[in-house]
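The values are calculated or read from the model by the stated rules, or taken from the named source; none is laboratory data. Please read these numbers as outputs of a predicted model, since none were measured by experiment. Neighbour counts are summed over all protein chains in view; Cβ atoms, including those assigned to glycine, are modelled from backbone coordinates with ideal geometry.
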Amino acid sequence: MINKRLLVKNLLAHNDESTFYDKKRQLNLHSKEGKAKFLKHICALSNSNPSNNSYIVVGVEDESNEIVGDDFFDDSRIQNLVNAYLENPPKILYENVPFPNLPKDKVVGLVTVKPNHKTSSFKKNIYTILADSVFIRVGSNTMPTEQKIPYSKLNIETVISIENNSRNSIAHTLDGVMDFMLERHGDMTSKYKVFKELFVVCWAGNPKTIRDTNYLSRVDIELINEQVKLFYSAQDVVTISYDDSTFTITEHVQLGLNDKTSYYPLEELKIRFYENGYYKMDNKLLFEPPKYNIKMLHHIYNANIALLTKLQKGMQLTVRENKDFVHYSYTMMLCYLNDFNEAKNKIIEAKPFLKAHPNPLVYLNFKEALRILRKMKYNDNK
């Protein structure tokens, strides 16, 4: 098993960005421009590495190589985005890797691009990239090409060497368990379970019971062997179940209007462990948006638009309006899910004001609302 924290360190220590790895301060998949840039790099890395894995490390300063971290990113449907725009898409894995020097809510993102053996190209336009565009890596740069891409084995030995030097050990596993339970979560209820005598899952959270259901809030869950954070949220709550072979996380979101809130199942992540050291993760979207009276939603939608308009004009919000603005992203999301098609754009349009608000919960709600909408957009059953 590869220890992903060691892998990130070895990638950063190997040399600067190259034909098999790239690094980013952060990913922006909220906009067409951000999606286009991400897809361009995926296309280039896949075409330049047909026989070995290639990587993107997210949460690293470009100039100094300093690990600064990024938000936990659990978009399990990132593969759907790649499939939607690329012909011959490679397999993509996005993992959240915790580092001891980072705050609890920050991780390093590790994007693994699996070898494809076929030329990847864009099958439709996105932002300034046209359909049929093909990209490759030339050194540390991503470049368009119109030439036929020759089959290459350039990076096989280098990448295999880096991956072999990142293999896990008993010491790394034990250190990881102790660090998780005693150092980072000594103030919370922490547990662990060993699966198939190979895998160790640790989780921590604050337990609470609502309507006879046991939830955990402020949840952190890690697969210790690979130093991968499976789940993290400062807001949402989860239920956890497991048997000898599986570990299941069901995430819930608290939604409602006029201070009437309920817990709605959002997504289920089931991890199945096998005797041969292999495991498989399956995600299933469970979310069914609540439906509301359209006349009431029109009133709420217009009230939120009025708040945004005041801020855009440089006007100050009243105490009551500031209180309403805390829930702006969630209420506009509920409007969007009830067929107010412009509501999503109004959430994104409000980002500068949400981010600048003195209450950090305002911007956190923004990120959570867009995360839910991303999941729904790229859900296979949508």
- line: Picked from the range 211-261 (must be surrounded by fewer than 14 Cβ atoms within 10 Å (Cβ to Cβ) and of a type in the set (Val, Ile, Thr)), the residue nearest to Tyr278 (Cα to Cα) is Thr213
query: Just wondering, is there one or more residues in the range 291-309 that are over 32 Å from the mean Cα position of the chain (by Cα) and touching a residue at least 24 places away in the same chain (Cβ under 8 Å)?
result: yes
- prompt: When you scan the range 133-164, how many residues do you find that are surrounded by 15 or more Cβ atoms within 10 Å (Cβ to Cβ), in a loop (DSSP other than H, G, I, E, B) and either small (Gly, Ala, Ser) or modelled with pLDDT of 90 or more (or both)?
  reply: 3
- line: Checked the range 285-296 for anything surrounded by 14 or more Cβ atoms within 10 Å (Cβ to Cβ) and either more than 16 Å from Ser262 (Cβ to Cβ) or out of contact with any helix residue (DSSP H, G or I) (no Cβ under 6 Å at 6 or more places or on another chain) (or both); matches are Leu285, Phe287, Tyr292
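The rows are residues; the columns are (1) assigned to a strand (DSSP E or B); (2) more than 17 Å from Thr189 (Cα to Cα); (3) not assigned by TED's automatic domain parsing to the domain that holds Thr189.
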site	(1), (2), (3)
Tyr232	yes, no, no
Val237	yes, no, no
Ser241	yes, no, no
Asp244	no, yes, no
Ile249	yes, no, no
His252	yes, yes, no
Gly256	yes, yes, no
Tyr263	yes, yes, no
- prompt: Got at least one residue in the range 10-33 being touching a Phe, Trp or Tyr at 6+ places or on another chain (Cβ under 6 Å) and under 21 Å from Thr158 (Cβ atoms)?
  reply: yes
message: Just checking, does the range 183-206 include any residue being in a helix (DSSP H, G or I) and assigned by TED's automatic domain parsing to the domain that holds Glu267?
response: yes
field: Selected residue (only one of Lys114, Lys32, Lys104, Lys40 is within 30 Å of Asn345 (Cα to Cα), touching a residue at least 60 places away in the same chain (Cβ under 8 Å) and surrounded by fewer than 16 Cβ atoms within 10 Å (Cβ to Cβ))
entry: Lys32
